[in-house]
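Engineer: Right, I'll just put the structure down here and ask away after.
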Amino acid sequence: MTDTIQITVLMDNQVHRQGLVAEHGLALHVARGSHSILFDAGQTDLVLHNARRLGLALNRLDAIVLSHGHYDHSGALSELCKQANNARIFLHPKALCPRFSAKTDGPLRSIGLSPASIEAIETARDRVVFTPQPVAIEEGIRVTGTIPRVTPSEDPGGRFFLDPEGRQPDLVEDDQALFFDTPDGVVVLLGCAHAGAVNTLLHIEQLTAGRPLVAILGGLHLLHASGNRLESTLQALQARNPRLVVALHCTGWQAMMRLQQAFPERFAVGSVGSRFAL
Ligand SMILES: [Fe+2]
Ligand SMILES: [Fe+2]
């Protein structure tokens, strides 16, 4: 498959263009020819506002993919299911779990899919595809399904729990990435990388028989990463020598600065409205 794929950031934590809005969340529009996929759905319906401003018709989406079941990646799902009424919806079955998080010593709060998002998925069940395993969304574009956790330094990146009392840790097992083939190698889109960016790359290398990494874009979730994790992530990325690294959403400023040093000329901080052709 040789058609160029165009990726547009529809939602991110940052915006630098007038008329567009930002929120803590992520949504990436992936277009190839007349086909389009939305990878994640932001925190609110503001995703739809940005899409209108950027001239992207979300009612024509062929697929909506959730990287995982957190509120900041799924907020526009209910409205999108109505508007994109032919789109198939890809998510890991564990994305539907209730889940909770707390800042250090703070109270637990619900961070899972909203009741409206869960209802939308139930209503659209005929076009829902669960992805515990890797699944092809269309030719050359796949979602990873469950990502094995094999690296010693990567943890889910926060105080996440499956119960409101905070007794059962949540490993965010539903976390998955989107990846697609280009003539030169593989492009990887990360939602929040709760599975760990390196675990994700190792899994995709298995699924693609070791094809080289051309580009990686998305939330690297290095916000609270230990120095050890940050450095081993940088080393793993440098060893793969991608020609483009785009940090979004939950990557964290310190990690962005280190990525800038590690990949001069090849690193970008994305924001709402950023576009990349691969
Ligand atoms: Fe998340
Ligand atoms: Fe997130």
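Engineer: Would you point out which residue out of Pro115, Pro93, Pro107 is under 30 Å from Leu202 (Cα atoms) and more than 16 Å from ligand 2 (Cβ to nearest atom)?
Structural biologist: On inspection, the qualifying residue turns out to be Pro93.
Engineer: Check Ser153 against each of (1) within 30 Å of Leu202 (Cα to Cα); (2) surrounded by 19 or more Cβ atoms within 10 Å (Cβ to Cβ); (3) of a type in the set (Ser, Thr, Tyr) and name the one condition it does not meet.
Structural biologist: (2) is the only condition that Ser153 fails.
Engineer: State which residue is surrounded by the most Cβ atoms within 10 Å (Cβ to Cβ) when the search covers only the range 64-109 and only residues that are under 14 Å from the mean Cα position of the chain (by Cα) and away from ligand 1 (no atom under 16 Å from the Cβ).
Structural biologist: Start the filter on the range 64-109 by keeping residues that are under 14 Å from the mean Cα position of the chain (by Cα), which leaves 64-75, 90-92, 95.
Imposing the further condition that a residue be away from ligand 1 (no atom under 16 Å from the Cβ) reduces the set to 64, 90.
Numbers: Ile64: 26, Phe90: 24.
Selected residue: Ile64.
Engineer: Sort out which residues of the range 3-31 are within 18 Å of the chain's Cα centre (by Cα), within 21 Å of Val65 (Cα to Cα) and more than 12 Å from ligand 2 (Cβ to nearest atom), and write them in order of number.
Structural biologist: Ile5, Gln6, Ile7, Thr8, Val9, Leu10, Ala22, Leu28, His29, Val30, Ala31
Values in this text are rule-based calculations from the coordinates and carry no lab data. For clarity, every value in this text was computed on a predicted model and none was experimentally measured. Neighbour counts are summed over all protein chains in view; Cβ atoms, including those assigned to glycine, are modelled from backbone coordinates with ideal geometry.
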